[in-house]
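The values are calculated or read from the model by the stated rules, or taken from the named source; none is laboratory data. Since we're looking at a predicted model, the values are computed, not measured. Cβ coordinates were reconstructed from backbone atoms using ideal geometry, including for glycine residues, and neighbour counts include every protein chain displayed.
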Amino acid sequence: MNDSSSMKHPAGLTFGDSLEAVDPFAAFDAWMAEAKTGEPRDPDAMAIATVDPDGMPNVRMVLLKEWGPDGFVFYTNRRSVKGRELDGQGKAAFVLYWKSLSRQVRARGPVSPVPPEQSDAYFASRPRGAQVGAWASQQSRPLASRDELKQAVAEMEKKFGNDPVPRPPHWIGFRLVPLYLEFWSEQPYRLHDRAVFTRPTPDAPWSRTRLYP
């Protein structure tokens, strides 16, 4: 982050100085709406962090596809390293960073699969090439060459022909229900705004506070 006082800085958190009446999900909606118009590329790209059985962390980029009071949803191959860690540990964290807006959102919480019909509906909305690729790719497993992958794609294209491509049973959505939700907004001289919302369980009320930058 640049310390220069001459650079353009955001006005601050959209909900101002008082957090008492702030709904964090409504605040996220507002920030995402601004990101969709102000961030030129993939405003829904987020880094999702998981842990393996030994507690060793992993992090990678995914796309946030759905969000609301019931949580944040993304889709992946359940057989991948990511999918196995999500299933095994049942918890994760993510961060969305919008460089063009000088903002980020962090969340932590339990993770669980979404209902099959929800995964079916989103899979059906994907481009056909992505649907075929979900069958062809053995995500996270060793790949001898790109030609091997191309051959797998060609085989799946032949298999499905002109028929609709069904969702692979291992391709599912996961929902992260936040117990911790933080809104960060860059300010001059690194005196950034940080508003934090926490709750002990998904059905508990939020506690609200600010953090020193």
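If you go through region 88-139 and keep only what is in a helix (DSSP H, G or I) and in contact with a strand residue (DSSP E or B) (Cβ under 8 Å, 6 or more places away or on another chain), you end up with 89, 116, 118, 119, 122, 123, 134. Across region 163-197, the number of residues qualifying as β-branched (Val, Ile, Thr), free of Cβ contacts under 8 Å to residues at least 60 places away in the same chain and in contact with a helix residue (DSSP H, G or I) (Cβ under 8 Å, 6 or more places away or on another chain) comes to 1.
Scanning region 1-37 for residues that are surrounded by 16 or more Cβ atoms within 10 Å (Cβ to Cβ) and either in a helix (DSSP H, G or I) or at pLDDT 90 or above (or both) yields 22, 24, 25, 27, 28, 31, 32, 34, 35.
Of 95, 81, 105, 59, all but one fail to be closer than 22 Å to residue 48 by Cα and surrounded by 19 or more Cβ atoms within 10 Å (Cβ to Cβ); the exception is 105.
Of the residues examined, residue 213 is not one that is surrounded by 12 or more Cβ atoms within 10 Å (Cβ to Cβ) and under 20 Å from the mean Cα position of the chain (by Cα). The set of residues in region 62-85 that are part of a strand (DSSP E or B) and more than 15 Å from residue 176 (Cα to Cα) contains only 77.
Being over 25 Å from the mean Cα position of the chain (by Cα) and of a type in the set (Gly, Ala, Ser) is the filter here; which residues of region 156-173 pass it? The answer is 161, and nothing else.
Taking region 183-213 as the range and being over 18 Å from residue 18 (Cβ atoms) and of a type in the set (D, E, K, R) as the test, the residues that pass are 186, 190, 199, 203. Of the set (1) surrounded by fewer than 16 Cβ atoms within 10 Å (Cβ to Cβ); (2) of a type outside the set (Val, Ile, Thr); (3) outside any loop (DSSP other than H, G, I, E, B), all apply to residue 204 but (3). Just one of the listed residues (73, 81) is of a type in the set (A, V, I, L, M), closer than 23 Å to residue 175 by Cα, in contact with a Ser or Thr (Cβ under 6 Å, 6 or more places away or on another chain) and at pLDDT 95 or above, and it is 81. Return yes or no: is residue 142 modelled with pLDDT of 95 or more and out of contact with any His (no Cβ under 9 Å at 6 or more places or on another chain)? It is false that residue 142 is modelled with pLDDT of 95 or more and out of contact with any His (no Cβ under 9 Å at 6 or more places or on another chain). For first residues located in region 54-71 and closer than 14 Å to residue 89 by Cβ, partners that are exposed (fewer than 14 other Cβ atoms within 10 Å of the Cβ) and lie 6+ apart or on another chain with Cβ distances below 9 Å form the pairs 58/52.
With respect to (1) out of contact with any helix residue (DSSP H, G or I) (no Cβ under 8 Å at 6 or more places or on another chain); (2) more than 18 Å from residue 83 (Cβ to Cβ); (3) surrounded by 12 or more Cβ atoms within 10 Å (Cβ to Cβ); (4) at pLDDT 95 or above, the lone exception for residue 64 is condition (2).
Conditions tested, residue by residue: (1) at pLDDT 95 or above; (2) among the hydroxyl-bearing types (Ser, Thr, Tyr); (3) surrounded by 12 or more Cβ atoms within 10 Å (Cβ to Cβ); (4) closer than 15 Å to residue 71 by Cβ.
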{"site": "163", "(1), (2), (3), (4)": "yes, no, no, no"}
{"site": "166", "(1), (2), (3), (4)": "yes, no, yes, no"}
{"site": "170", "(1), (2), (3), (4)": "yes, no, yes, no"}
{"site": "173", "(1), (2), (3), (4)": "yes, no, yes, yes"}
{"site": "181", "(1), (2), (3), (4)": "yes, no, yes, yes"}
{"site": "186", "(1), (2), (3), (4)": "no, no, yes, no"}
{"site": "189", "(1), (2), (3), (4)": "no, yes, no, no"}
{"site": "199", "(1), (2), (3), (4)": "yes, no, yes, yes"}
